[in-house]
Amino acid sequence: MPTTVIPPSPPSRPRLSLAPTRGRTVLDGGWWPRSWDPVAELPGLVLALTERHGRIRHIMLNIHTWDSRIRRLAVGPDVVRIGWFDTLDPALLVATTGRDVQVDLLVVPPGTTPEAAERAMATAADPTNLRHAPDILTTGPTPHATTTTSSDAYAVWDNEGGSPASDGIHRGHAESTTRPRTGVPA
């Protein structure tokens, strides 16, 4: 059985921007960690997400981005399982609640300038946003004038929530990251 890591210090308040409601969005918000240390960064995020969405039981991260590979993390009275995936985009964190609700967050790299990080998190939390996490980080925010017709609204179901998106958003990403919104690998 994997060892459960207990953070040595109290969790810091996360730099987080969440969409006002869940629904037909590509992302549920954006998070800007202060470092790539999961033991230091994840507890505060888990507590904030728990407050909004209920108990968080599982988090999926890119295996190459973070400094260490813990498998289980104690946060308050709960233990959160951490999954590490080669195919998950580094700009994405996927959390699953105790009710199997998936929460997809843009991960803004710690070294990002405050202005760029705030813009990226605001874009990710915007309910009208139809861009995926890596596209937000590479191209910056999009004006609110983006429109999607009902015929192309369901063109893309991806690893960022299986939400409707326009055809141009998915360009350049491997098909191996495609999966439906529900269900998390064990």
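For segment 87-134, taking the residues that are among the β-branched types (Val, Ile, Thr) and out of contact with any helix residue (DSSP H, G or I) (no Cβ under 9 Å at 6 or more places or on another chain), the one that is surrounded by the fewest Cβ atoms within 10 Å (Cβ to Cβ) is identified as Thr113.
The criterion of at least 2 residues that are at pLDDT 95 or above and of a type in the set (Phe, Trp, Tyr) is met by the following strands (runs of 3 or more DSSP E) wholly inside segment 47-123: 78-85. Every condition in (1) under 24 Å from Thr112 (Cα atoms); (2) modelled with pLDDT under 95; (3) open to solvent by 40 Å² or more (accessible area, probe 1.4 Å) holds for Gly23 except the one numbered (1). From the list Ser17, Ser35, the lone residue that is open to solvent by 20 Å² or more (accessible area, probe 1.4 Å), assigned to a strand (DSSP E or B), modelled with pLDDT of 95 or more and not aromatic (Phe, Trp, Tyr) is Ser17. Whenever a residue of segment 74-85 is closer than 11 Å to Ile6 by Cα, its partners that are open to solvent by 50 Å² or more (accessible area, probe 1.4 Å) and not basic (Lys, Arg), lying with C-beta atoms within less than 7 angstrom and at least six residues away or across chains, give the pairs Ala74/Ile6; Val75/Leu47; Gly76/Leu47.
The values are calculated or read from the model by the stated rules, or taken from the named source; none is laboratory data. Everything numeric in this text was worked out from a predicted model, so none of it was measured. Cβ sites come from the backbone with ideal geometry, for glycine too, and all protein chains shown count toward neighbours. These area figures cover heavy atoms from the full protein model, side chains too; ligands, DNA and RNA do not enter into them. Shrake-Rupley method; radii C 1.70, N 1.55, O 1.52, S 1.80 Å.
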